[in-house]
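Quick notes on the structure that follows.
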Amino acid sequence: MSTIEELRKKINAKIAKAESNSSSIGGTIFPFNSLKAGDTVAIRFINDGEPNDVFWRERRTRTFEFPAVRQANGMVINNRCFVDVPAFNLKRDEVIYSDLPESYLYKSDEDVIQKRIKNFWGESDEEKALYYKFARRKSYVFQGFVRSGFENNKALEPNKLYRFYIGEDLFNAIKTFLNPTMGINCMPTDPDNGLDFILSVTSKKSGNKEFKDYSISQWARTNSALTVSERETLEITKPFVLKNFIYERPSPEQEEVMIEMFEASYNSEPYDVVKWGKYFKPNNIFFDADGNIKDLKSTPNATPAQTREIPESTWNVHTPQHTYEQPVAQPAVQYEQPVSQLVAQPAVQTAPQIISQHTENVSGDNPKDVINSILGKYNIQTN
């Protein structure tokens, strides 16, 4: 029999493991959207959960934007949604810091979306904007702990293993540890003698818009070890295998879906969960087992959720668009009006039945009386 202290430790470990495996919105993803200008957060990155030359993985995606979502029940929800799809990760002039298995390698001349958007590029601002709408985006996946900054931010927790999806600008600040002139002589992820990364948030303006800026973020100058609590978390949850959070090279079937989604996004059509939910799901919308929305993740500039029912008789046929001019509205599917009920057919009668229906019984000894009786039954007047 365990002591009460041992039992508590085992139960708490099971609770922590269950919480780490939960699929709540956001889950273990670091909430950058909770940060504001003036915030400072100390992050301790840790190594990948499998052999890797570096402690991150490159992620190359495109994001398709849809103005609405068509659920499995036919309802259309007028709320913007965003869906990531894989993009090429092999380009002649790009460095891949982490070696990936062959199944993850996707060349630029194989990318079915890149083939379709390369001719969008032009001299005008409109042409460039259209290209950038579907252009490939670079990001990087890390993991680690938040060591400070959670005191005034309820979205952050200590001793919790987060995944960090980091853009190119912040990545450039992180990779400065590779520069010999920085004077960093240890691996930042060393559990006993590593370095924290100090994430500092400021703001900058571009035109009339204000954006978060992380450019002054930098590595700490003092080495430190992982805490006892952080080590216990790693024993319970185990580090993430980071390649599980990037896309493999898409299959031919997935590429067909990507093309359909691209055309729908281009034409401002709704995201269709029945057609595409099996392959690629929105980042900001979550569905139940039946394919209907169960939760919305707030996104900047998202329109209020409204619903309207699409009658079956006006559902549109999906016809792939192979030219990208504004399409003429597709004709609605025509359904035959169902026959509500069959018209009853008269029953087939036999000769005896017909004779029986038209036979009358009369009686009398005088033939004249018999004739008059028959005529009377049919209301025939006699002179």
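Read-outs: derived from the displayed coordinates by stated rules, not from any lab. This one's a predicted model, so the numbers in the text were calculated from it and none came from an experiment. As a convention, Cβ positions derive from the backbone with ideal geometry for all residues, glycine included, and neighbour counts pool all protein chains shown.
Compute the orientation-averaged projected area for segment 127-258 from the convex hull of its Cα atoms and round it to one decimal in nm². Each step should come with its number before you reach the end.
Numbers: hull surface 49.9 nm².
That works out to 12.5 nm².
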Inset, instruction - Report, ordered by chain and residue number, the aspartates and glutamates lying within cross-link reach of residue 154, taken as a straight Cα distance under 15 Å and ignoring same-chain residues fewer than 8 apart. - result: 39
Inset, instruction - May I ask for the Rg/Rh ratio of segment 25-309, computed from Cα atoms with Rh as the Kirkwood radius, given to two decimals? - result: 0.97
Legend entry - Gain on full stretching of the segment that runs from residue 241 to residue 168 - 0.36 nm per residue minus C-alpha separation: 24.2 nm
Inset, instruction - Using the Cα centre as the reference, give the magnitude of the dipole from point charges on the C-beta atoms of segment 75-165 (Lys, Arg: +1; Asp, Glu: -1; all else neutral), rounded to the nearest 20 debye. - result: 260
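Using a Förster radius of 35 Å, what is the FRET efficiency between residue 153 and residue 268 based on their Cβ-Cβ separation? Nearest 0.05, please.
On the way: r = 37 Å, r/R0 = 1.05.
Once rounded, the FRET efficiency stands at 0.45.
Taking a 31 Å limit on the Cα-Cα distance, which of the listed pairs 160/294; 133/238; 36/294 fall beyond it? Intermediate results must be reported in sequence, preceding the final value.
Working: 160/294 26 Å; 133/238 37 Å; 36/294 29 Å.
From 160/294; 133/238; 36/294, over 31 Å: 133/238.
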